[in-house]
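Read the structure below first, then the notes.
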Amino acid sequence: MKLHKHSLQLIKYDLALLFVSMSALLMLMDIRVSKFGVREFLLYTAVWGIFLFASRAKLGIYSHIWRYGNAALYLRLIIADTLAGFLAHLYALGTHVPQILSPALVGIGLFNLVLSIGMRLTYQYLVDNASRQSWKILQSRKLAKDLLGVDIQPDTEKPKTNAAIVGAGRLGADLMNELLKNRRAEYQPCCFIEVDPEKIGRQINGIRIYAEDDMTASLAQSLAIDTFIFAISDMTVERRKAFYDRYQPFGCKLAIYDYPSVEDFKKDARRLRAFDIEDLLFRKPRYLMESQVENYYRGKTVLVTGGGGSIGSEIARQLAAMNPKRLVLLDVYENATYDIQQELRSGYGGNLNLAVEILSICDRGQLDKAFQRIRPDIVFHAAAHKHVPLLEKNVVEAVKNNVFGTLNVADCCEKYDVEKAVMISTDKAVNPTSVMGATKRVCEMIFQSRIDSKTNFCCTRFGNVLGSRGSVVPLFRKQIEAGGPVTLTDKRITRYFMTIPEACQLVLQAGALSKSGELYVLDMGEPIKILDLAEALIRLMGHEPYKDIDIVEIGLRPGEKLYEELHIQGESCEKTENDLIFVEKDTPKTRAEIAEKLAVLQAAVEQNDEIEAKQALKTTVPSFTGDAEVVE
């Protein structure tokens, strides 16, 4: 076995400890070595030393990096030394070594083991705590270099901020150890906050545990706490909301130590992240039936239109983890598509068969060629223009891209025998008051009309997704960073929200269980007031609403509703296998009826007249009012 230079250095230190052990025990114990001969004693101890280092080498004691040594490694060291002592005792019995030497040699072995463990623990302590106050007290840099062969530099990087860890359980202890060992960590743990009376007043590695009570605010001030980190397992949304309400008034930053978000659900790892607005959505998290969904998409060729967009790229991330035969991203915008392509290649390398097609769904000829090359089994249609105010002024472009682009995708799916096509729709398609909502309602009608097709066409409908491009949260963040004000169209306005990952989870599951012509509505929980969202985000970013950052009402924009709906009034919804996914029992139009409606739209588009195009949309979608109104 080839030994690293640090391993050889450690063996040298262990030999020195062995010499110290022998010298100390010989001086302390009344052993008449001279009666039996110094030569015989030294020979026996030399044999014992050979057994000692051989057993340690066999059990890998010198192949580990002791800076990261844990209880299992120290137990291995104890086993190695015990084995060496046992073999030495057998040797003594076989060579008839006088019994009087046995206590001395056993004492040497135990003392040497204590010194070996102590040296390693001291090394770990000095390295792990180089930036802590104890390092300043020890001032042992030269000693560490001389005895351990390591020059441990005190932390010279930017000062760490004091953090209180809420939760003194195993999770909190793990976080504390990680922060103490990582010299580049942003935070320095200064205390624990706990509600368990059995833990309050005790310490974990020298860090005291305080009670969560009315004195917590004064504790934060006296210890100069900058951040509270919540390290608690099973952090439900209700608990996060309760923690936020309790700790936010202290004026400190809030962070969470939890499992990765859904895009990384394959990785069993914790992460330290800022307390975000998503944590305040008062709704239980969504979970997909992982095995059923994975089995459906495994080994399939999947095409995602709009693959560079917020929804399309997240669908691609989750599909990549399900071992598809091939994953193809189709989009007209190359920059965003390039970003997700690089992300997936970096994460999966050669294990993912990934391709990108840069083209517009409005280009029927190029789209047809792409389908001919790809021959997809499943298509997720997420490509669309979605910005409500912009499309109010660009009706012709909205119809061309959203409606006729969707028609092109549907026709290609049928022509090339796609097994299933899933369209991503929106709650704005229900009783639409905007051009965007009306065009998406036509798209739903196109997919629903193909119930007689060999291709299984279905739609999924949900509300706003937090963090998507053009959504309200990124806009609010920019306004807060600029010093405000935060602008609301109307303080009464409410919206349904879910995160991008959970929305895409449910889209994938709906696609896996869908039947032809069905329209799936995702349970969005309770609607949220945008005013409450703005106030919470201002506080999360360290400001006080109306004091540091003002909130200004600017009036509803064209096509905007006060309240959104998820299903058409008068139509019933039925639950599916997943309680969070419903099937809307809408009566689909026939292909002939859809063809008549599309002919009206096509004539308006050919005239390139915005007013005519909007009027054609009203004719096509009778529930489209085109007015900004309150939907009761």
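Set the Cα radius of gyration of region 161-275 against 2.2 N^0.38 Å, with N its number of residues, and you get 1.02. Taking the charge dipole of region 329-477 about its Cα centre, with +1 at Lys and Arg Cβ atoms and -1 at Asp and Glu Cβ atoms, the residue from L359, V442, V422 reaching farthest to the positive side is V442. For the pair R76 and N335 in one chain, pulling the backbone fully straight at 0.36 nm per residue adds 87.9 nm over the alpha carbon distance.
Which entries of K428/K454; K515/K618; K420/K478 show an alpha-carbon separation above 31 angstrom in the structure shown?
On the way: K428/K454 29 Å; K515/K618 29 Å; K420/K478 40 Å.
From the list (K428/K454; K515/K618; K420/K478), the Cα-Cα distance tops 31 Å for K420/K478.
Between T619 and D213, the modelled labels are 7.6 nm apart [label points 7 Å from Cα along Cα→Cβ].
Electrostatic tally near N353: other residues with Cβ closer than 9 Å to its Cβ, Lys and Arg +1, Asp and Glu -1, net +2.
Output the pairs from K241/K491; K386/K415; K386/K547; K199/K529; K491/K597 with a Cα-Cα distance over 29 Å in this structure; if there are none, say none. Long pairs (Cα-Cα over 29 Å): K386/K547; K199/K529; K491/K597.
May I ask you to sort M436, M176 by Cβ crowding, counting other Cβ atoms within 10 Å and putting the fewest first?
On the way: M436 25, M176 22.
So the residues, fewest neighbours to most, are M176, M436.
Potential lengthening of the chain between L223 and D245 amounts to 5.8 nm, from the contour at 0.36 nm per residue minus the alpha-carbon distance.
Read-outs: derived from the displayed coordinates by stated rules, not from any lab. Note that this is a predicted model, so its numbers are computed, not measured. Backbone-built Cβ (ideal geometry, glycine too); neighbour counts: all protein chains shown.
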